[in-house]
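*Asks:* Please find one structure pasted underneath; my questions will follow.
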Amino acid sequence: MAVGMLLLYRLTDKWAGLFLEAQKTQSSAMTEQAGAMSSLAAAVREGQSEQREVLMAVRLLADRMDQQREYLVSIDTNCRTRRTCA
């Protein structure tokens, strides 16, 4: 019985240390992965913000181009009506 207990103690001592070391390594890897995911989320958020700004600028330019077209059509209509433009 004592030999069995000694053998069990030695096996537990050997494998428990290895098991705990593996758990520490896995925990460290998961912590690094969580940090990487946070960085990725921040990068995606920043990219979306930049895309939104570009989209707003394109919409503004399109609106300004529509206004300019309306002005040019108005000028052309006035010229044709008055027959003053060459």
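The values are calculated or read from the model by the stated rules, or taken from the named source; none is laboratory data. A quick note: this is a predicted structure, and the numbers were derived from the prediction, not measured. Reconstructed Cβ throughout: ideal geometry from the backbone, glycine too, with neighbour counts over all protein chains shown.
*Asks:* Can you go through ALA34, ALA42, ALA62 and tell me which one is in a helix (DSSP H, G or I), at pLDDT below 90 and not hydroxyl-bearing (Ser, Thr, Tyr)?
*Replies:* ALA42
*Asks:* Follow-up question, since we're still on this one. Look through the range 72-84, keep the residues that are of a type outside the set (D, E, K, R) and surrounded by fewer than 10 Cβ atoms within 10 Å (Cβ to Cβ), and return whichever of them is modelled with the highest pLDDT.
*Replies:* Among those that are of a type outside the set (D, E, K, R) and surrounded by fewer than 10 Cβ atoms within 10 Å (Cβ to Cβ), it is THR81.
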